[in-house]
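S.K.: Before anything else, here's the structure in question.
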Amino acid sequence: MTNEAAVRRDGALRAAVARGLVGEEQPVAGLLDITGIRQSATALHAAFATPGVAVLHTFAVKAASLVPVLALLREYGLGAEVASPGELAMARAAGIPPEHTVLDSPAKTLAELREALALGIAVNADNPQELDRIDALLAAGPSRSPLGLRVNPQVGGGSIDAMSTATATSKFGVALRDPGAEEWVLRAYAQRPWLTRLHTHTGSQGVPLPLMAEGVRAAYDLAERINAAAGRRQVTTLDIGGGLPVNFGSDDTTPTFGAYADLLRAEVPGLFDGRYGIVTEFGRSLLAKHGTVLARVEYAKSAGGLPIAVTHAGAQVATRTVFAPDAWPLRVLALDPDGGPKKGEPVVQDIAGPCCFAGDLVARGRALPRLDAGDHVALLDTGAYYFSTHFAYNALPRPAVWAYSTAPGAEPSFSLVRPAQSLTDLLTESGADLPALQP
Ligand SMILES: *Cc1c(COP(=O)(O)O)cnc(C)c1O
């Protein structure tokens, strides 16, 4: 992320307040920077581009399950990594073609597998039982789907347990270092000539780059052994997952896609020598820096000497930050009633959300200019997961999400990405239209 991105963001925050996208009626909204998203997509393509190597970048839909965002990414040449019927439906609604779609969930039902094979989307089987189901479906009729197996290289975890997919006991994929596992994998490929992909995702946030590269290296080495055993290039494509961590501490984008691709070129050179196609599945690193949650401060108070700003951004939009504050700290900007930077000496204060539980704080003991009622706060780097991981506590609605684009020197223009959930929507979802229960 560049200084220009921060300038675009500041302009968008002011304009969003001026246009009433956030105000009395809608006290919280999400904002996405189209220019920044385009720059990240361009950087990703550039990082992996290699003459003679077919590279497909898919976007992990769970990081922003918003159809207009998926369609924008499609325009920038990205496909979709989906992990549920809902995510697949969104990818299809965004016009992402089957050959640019990958299905990777640990709990695919028979119906999901059948649909995926009928559509021709790629499937990475998670475990032996799932592979048996695919065997049965293929026996009933052929499929164009590229098929692979997900392996867990068990290289270890990162700083956030819940995000570490490659620990010894992770629930994902075939645990490669378990006794007999590799022999089983080699047999599984030998028996199934249609298994042409190998998948690993050694993320996510908190996993250091060298460990990610070690996971890719383990998958690559295994592909080489599978192909040697088969006496032909059976595995044609390595799906290396996503998981590039994001810097939530400043406006700098580190690590970059370029740094990761360069590390892979050094550690796994054979991946880029033209014998394999590459699929990636980045989520957070494509979107996080380009999103902001903007919320009004409803009240400012103090308790036990501690100033507290009661805002409309809490656990309903910043769920992980509220429940796991040490793993998911966010930068918070203090903004004035116009959405511009709040002036004043920093004062240590809590930034609270609207939910009715005491821990609903997006920042604790943060030094910021003292916030007042009618001011605003901006939660930075919230473009990934925050708009798609809503928590329905207190029947708080999902906020609207707006995308902004900014021509140099011009005012930002906004397009709606997702409308705010209305009271009517909330009532319908809560069963209000159903017949009364018999007492
Ligand atoms: C979540 C996930 C991703 C994306 O992870 P990020 O950390 O957002 O890049 C990619 N692949 C799989 C299989 C995932 O579960």
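S.K.: When the stretch 198-208 is examined, which residues are found to be away from the ligand (no atom under 12 Å from the Cβ) and over 15 Å from T167 (Cα atoms)?
M.R.: Result: L198, single match.
S.K.: Those residues that are open to solvent by 10 Å² or more (accessible area, probe 1.4 Å) and hydrophobic (A, V, I, L, M, F, W, C), I need them from the stretch 297-310; list them, please.
M.R.: A300, A303, L306, I308, V310
Let's see how each residue does on (1) in the same structural domain as S40 (by TED's automatic domain parsing); (2) within 13 Å of the ligand (Cβ to nearest atom); (3) open to solvent by less than 10 Å² (accessible area, probe 1.4 Å):
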site: S250; (1), (2), (3): yes, no, no
site: L263; (1), (2), (3): yes, no, no
site: D273; (1), (2), (3): yes, no, no
site: R284; (1), (2), (3): yes, yes, no
site: A295; (1), (2), (3): no, no, yes
site: A315; (1), (2), (3): no, no, yes
site: L330; (1), (2), (3): no, no, yes
site: L333; (1), (2), (3): no, no, no
site: D338; (1), (2), (3): no, no, no
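S.K.: Filter the strands (runs of 3 or more DSSP E) completely within the stretch 277-361 down to those with at least 2 residues that are in contact with a helix residue (DSSP H, G or I) (Cβ under 8 Å, 6 or more places away or on another chain) and farther than 30 Å from D104 by Cα. Steps first, answer last, please.
M.R.: Details: elements: 277-282, 291-303, 306-311, 332-335, 346-352.
Because the criterion is at least 2 residues that are in contact with a helix residue (DSSP H, G or I) (Cβ under 8 Å, 6 or more places away or on another chain) and farther than 30 Å from D104 by Cα, the strands (runs of 3 or more DSSP E) in the stretch 277-361 that meet it are 332-335.
S.K.: In the stretch 173-204, which residues are within 29 Å of the chain's Cα centre (by Cα) and open to solvent by 50 Å² or more (accessible area, probe 1.4 Å)?
M.R.: Within the stretch 173-204, just R177 meets the criteria.
S.K.: Filter the stretch 348-364 for residues that are surrounded by fewer than 17 Cβ atoms within 10 Å (Cβ to Cβ), more than 14 Å from K301 (Cα to Cα) and in contact with a strand residue (DSSP E or B) (Cβ under 6 Å, 6 or more places away or on another chain) and give the result.
M.R.: Selection gives R364 alone.
S.K.: Scan the stretch 217-247 residue by residue and report those that are within 13 Å of the ligand (Cβ to nearest atom), within 20 Å of V155 (Cα to Cα) and of a type outside the set (G, A, S).
M.R.: D239, I240, L244, P245
S.K.: Moving to a separate point now. Do the conditions hold for F387, that is, is it touching a residue at least 40 places away in the same chain (Cβ under 8 Å) and surrounded by 17 or more Cβ atoms within 10 Å (Cβ to Cβ)?
M.R.: On the way: touching a residue at least 40 places away in the same chain (Cβ under 8 Å): yes; surrounded by 17 or more Cβ atoms within 10 Å (Cβ to Cβ): yes.
Yes, satisfied.
S.K.: Shifting gears a bit: Starting from residues that are modelled with pLDDT under 95 and over 28 Å from the mean Cα position of the chain (by Cα), keep the ones in the stretch 397-437 and report whichever is surrounded by the fewest Cβ atoms within 10 Å (Cβ to Cβ).
M.R.: Of everything passing the filter in the stretch 397-437, G409 is surrounded by the fewest Cβ atoms within 10 Å (Cβ to Cβ).
The values are calculated or read from the model by the stated rules, or taken from the named source; none is laboratory data. Keep in mind it's a predicted model, so treat the numbers as computed, not measured. Because the Cβ atoms are built from the backbone with ideal geometry, glycine has one as well, and the counts that use them run over all protein chains shown. Areas reflect the complete protein model, heavy atoms only, side chains present, ligands, DNA and RNA absent. Shrake-Rupley method; radii C 1.70, N 1.55, O 1.52, S 1.80 Å.
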